[in-house]
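Asker: For reference, the structure I am asking about is given below.
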């Protein structure tokens, strides 16, 4: 500590003198402080370091002063001061004083205080009992743990001698005094003493004694640390017993057990291990683990030993081969466990092994069979996948994996079929109705379980597949996926061609009809139908025979009889139709004249074209009458000329009919038709092709057709054509329509569908290419998808609107019901007229019915919006049924219907939403009462299903429902006309739909069994996971 230094101030308390010792304390030369006040150097503080004011005109002593050195180190000084007054005038002239640096002393004092606090905290918080005594063995301090161990309070034990803690005086003499005397020499080693608690219980305590000395080494007393080791001794005893049991288990185990050192030597083996390898225990201990291991498995064994040795592995399953004493390989399967020594270091490895030699042979055989099966499946061109009886993935071929690249992580053994189906829909791999995913998955699972073939569309590459599901002998599934894309496209194109054909014939001015080989109508146009009276047109449908048509025409005076019977006219017309030779002209009795052209087509069918020539015939008749006035001398010649003209005109008419027919078809056909020679050059180019590609026919005739296509068809065309001409192998020609990219004259590219057919004339080969522009169809598909999305959005908006209307609609109805109840009960006095109660009752009944209907509508809307939550609780279903029966009993009595209920024995409780279950039962009872006539019966029952679930059944003797109508009544807002007419109050068509939805929200199902005129039984089935065995 630096000695005192001196200071002096003037009357303004400014320093006028400082001793040079200040340099040693603060690091400043004394002259830097002169003229400054002490407050400029720091501040005076109290013992608690609070600022204090100094009375400079009175003496003060050892006031703490906080300051700092030039380097910023904090210092504490003790300053004393004495005021100085003039001896003559008594005026205050300054202060003289001393300053002492006590910074180091303060640090030592704070350190001692911290050590004291630390000692007190350790002493107080130690988990062991701590006791301090003086040199006479009297206790003067103990901690809370001592109180807890011995049961004495400090007041009871302080002042007592330590012998009161021992089990007996003999134990004190034997242990206590000896250890106590030793403790005064040096710290003792831990030793065990039998102590006695305050309540008399004896316990073992591990004790360490330490002498407490003063600064001169004189012994002042002792510190004893006592640890209750009752539990440890019990654990040590249990450990010894456990070791004995472990050794017995080791020796008696049916598993082969081997304890090996990390250097590879064998420490211990059990008899089972010796029997496994054919050695005695003494023989086997002479060998190392490497000696016993099969040569092929030694590298893996050394790698595992290395992992155990560095402690990175504690446990390792293993499968390896040992070598039997007679030389054959022994397969074993088991585990290796690391055993550490007392210091926690790796010491041994315990192996527990079971021989699986025969099992390995069976596994190898099974693996070979699986490989054979896999090779067989891979050889199948279709996609093939196998699921086990638990509907988990087993294997599939590469054809099946194709188009399922996004699901490769799921196509591994063990994946449930349902997970694969769900992921395929979620990822967009397949096309599905974008509704509720769970509904789609449920429908897919039902079709899978029923083995129903399904059609799947993969939109990414626009492929169509037919999926066939077969059951294997062990209850699994063998699924084959066949690509039918070309077949699907051909069917679509065929339908489109048919539609184009129908449009073409409907635009023909002639009447057109096509008959098959059996002379039954296939198709006709509107002109043909219009030749029949409106009331007869309904009979003219595909499938009607030509003979029936002729009879209908004859019955309606279409054919002139000319003295023949109607049957003779019919037979004559049939003969003309079956053997067409030339045009047939028929004049009806009403004066209309028609010319018929009929011709046979390949396959035995007949094409009929009919043209109305009435106007022309009228002109001919007028001409004929004019000729009758000519002179007789030219009559014969005129007659002959007229006959020639007639024949000529008939021929012209036939030709014109044929030309009109062909022109009508060609003018209305939308496909571009191009004829191509063997070298690929274009020989004809129809108007539709001109419009499609923008070229005039003269610009392209003689040019290679590849100029109209885009890559890759452009560069591959000539090679493909030559290959086909040389080998006859076709991949495009005769294969129906396929999608290509066309190139117009202006260079624009557009999607098109192309079909190529071959035409042979002698040795000449020509090809006819038919193309259609599908740009509009692509845009229409896109528009339809967008319209579908908008419609679905609008439907969701409607559902959400209804689901949120409850707060706005229910309160007014509740008010109506409330006030009508008040009026009905005449709460505030009589109503007056005797009709009022009846009217009020009608208001209340109508309001109640409207509130019930509104509640059903809102509940259905909430179900659609997904806003109904099931609030599960434990319910007694019998109580629910009793309440529901009471609620509808009055209605049953009024309708004169017997209402009863039955319940099975020992029914479990149900984990469900009690309010929704009650809603289900009330809806079913209401339906049953509504459609059951007087004297009928309605029974509600509940029983436990065989699988542990609960079944609620409501049966009636009502009007019943046809089986084909059951799906209809489960749809919201749907009623059957018969049911509506037979029930006086009709219904909203929501009850059964709501029951089904609420049941499915509980994970249950709804079953309806009904016979018209007999009655209906509705079963609500709750799954077993919703039952509670004990309550």
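Asker: Sort 284, 93 so that the residue with the fewest other Cβ atoms within 10 Å of its own Cβ comes first and the one with the most comes last. Before the final figure, lay out the partial values.
Answerer: Values: 284 19, 93 14.
Sorted ascending by nearby Cβ count, the order is 93, 284.
Asker: Now, a different point. For all pairs of alpha-carbon atoms in segment 183-302, what percent lies in each bin of width 10 Å, listed from the first bin to the last filled one?
Answerer: 11, 22, 17, 13, 15, 14, 7, 1
Asker: Which of 141, 249 has the fewest other C-beta atoms within 10 Å, and how do the rest follow up to the most? Before the final figure, lay out the partial values.
Answerer: Details: 141 16, 249 12.
Least crowded to most crowded, the residues run 249, 141.
Asker: Roughly speaking, what is the stretch gain from residue 962 to residue 555, that is 0.36 nm per residue apart minus the C-alpha to C-alpha distance, in nm to one decimal? Mind showing how you got there, number by number?
Answerer: Details: separation 407, 0.36 × 407 = 146.52 nm, distance 4.23 nm.
Extending this stretch completely gives an extra 142.3 nm.
Asker: May I ask for the Rg/Rh ratio of segment 351-393, computed from Cα atoms with Rh as the Kirkwood radius, given to two decimals? The partial results should precede the final answer.
Answerer: On the way: Rg = 15.3 Å, Rh = 13.0 Å.
Reported Rg/Rh (Cα atoms, Kirkwood Rh): 1.18.
Asker: Each label point is 7 Å from the Cα along the Cα-to-Cβ direction; what then is the distance between the points at residue 261 and residue 612, in nm?
Answerer: Going from the residue 261 label point to the residue 612 one covers 11.9 nm.
Asker: Further question: Could you work out, for segment 5-109, what percent of all Cα-Cα pairs fall into each 10 Å distance bin, beginning at 0 Å and stopping at the bin that holds the largest distance?
Answerer: Spelled out per bin, shortest first, that is 15, 49, 29, 6, 1.
Asker: Measuring from a point 7 Å past the Cα of residue 324 along Cα-to-C-beta, which residues in segment 364-384 have an amide N at less than 20 Å?
Answerer: 364-365
Asker: What percent antiparallel are the DSSP beta bridges of segment 670-773, to the nearest 5?
Answerer: Among the beta bridges of segment 670-773, antiparallel pairing accounts for roughly 95 percent.
Asker: Place a label point 7 angstrom from the Cα of residue 93 along the Cα-to-Cβ direction, then list the residues of segment 25-58 whose backbone nitrogen is under 20 Å away.
Answerer: Of the residues in segment 25-58, 35-36, 56-58 have backbone N under 20 Å from the label point off residue 93.
Asker: While we're on this one: Report the gain in length on full extension from residue 45 to residue 470: 0.36 nm times residue separation, minus Cα-Cα distance, nm rounded to one decimal. Display every interim value, and only then the final one.
Answerer: Numbers: separation 425, 0.36 × 425 = 153.00 nm, distance 9.76 nm.
Roughly 143.2 nm would be gained on extension.
Asker: Testing the spin-label approximation: label points 7 Å from Cα along Cα→Cβ at residue 423 and residue 622. State their distance in nm.
Answerer: 8.4
Asker: Using C-alpha positions alone, give me the convex hull volume of segment 369-483 per residue in cubic angstrom. All intermediate terms of the calculation are to be shown ahead of the outcome.
Answerer: Values: hull volume 11.2 nm³, N = 115.
Considering the Cα atoms of segment 369-483, their hull volume per residue is 98 Å³.
Asker: Across 5 Å bins from the origin, how do the percents of Cα pairs in segment 251-360 run, short distances first?
Answerer: 2, 13, 23, 28, 19, 10, 3, 1, 0
Asker: If you don't mind, there's one more thing I want to ask. Rounded to whole Å and sorted largest first, what semi-axes of the equivalent ellipsoid does the C-alpha gyration tensor of segment 670-773 yield via the square root of 5 times each eigenvalue?
Answerer: Working: eigenvalues 86, 46, 32 Å².
After scaling each eigenvalue by five and taking roots: 21, 15, 13 Å.
Asker: What residues of segment 924-945 lie in the reach of a label at residue 902, counting those whose backbone N is under 15 Å from a point 7 Å from the Cα along Cα→Cβ?
Answerer: 937-945
Asker: Regarding segment 870-1028, what whole-number volume in Å³ per residue does the convex hull of its Cα atoms give?
Answerer: Dividing the Cα hull volume of segment 870-1028 by its residues yields 105 Å³.
Asker: So if each residue of separation counts as 0.36 nm, and I subtract the Cα-Cα distance between residue 939 and residue 243, what length gain in nm does that give?
Answerer: On the way: separation 696, 0.36 × 696 = 250.56 nm, distance 6.92 nm.
Contour length minus the Cα-Cα distance gives 243.6 nm.
Asker: Using a basic spin-label model with each label point 7 Å from the Cα along Cα→Cβ, how many nm lie between residue 1005 and residue 879?
Answerer: My value for the distance between the label points is 3.1 nm.
Asker: Another one. Would you mind ranking 565, 968 so that the residue whose beta carbon has the fewest other beta carbons within 10 Å leads the list? Walk me through the numbers on the way to the answer.
Answerer: On the way: 565 9, 968 13.
Going from least to most buried by this count: 565, 968.
Asker: Percent of Cα-Cα pairs more than 23 Å apart in segment 89-181, please.
Answerer: Working: 2138 of 4278 pairs.
When every Cα pair of segment 89-181 is considered, 50 percent fall beyond 23 Å.
All of the numbers you see were taken from the coordinates with simple rules; none came from a lab. This is a predicted model, so every value here is computed, not measured. When we count neighbours, we look across all protein chains shown, and the Cβ atoms used for this are built from the backbone with ideal geometry, even at glycine.
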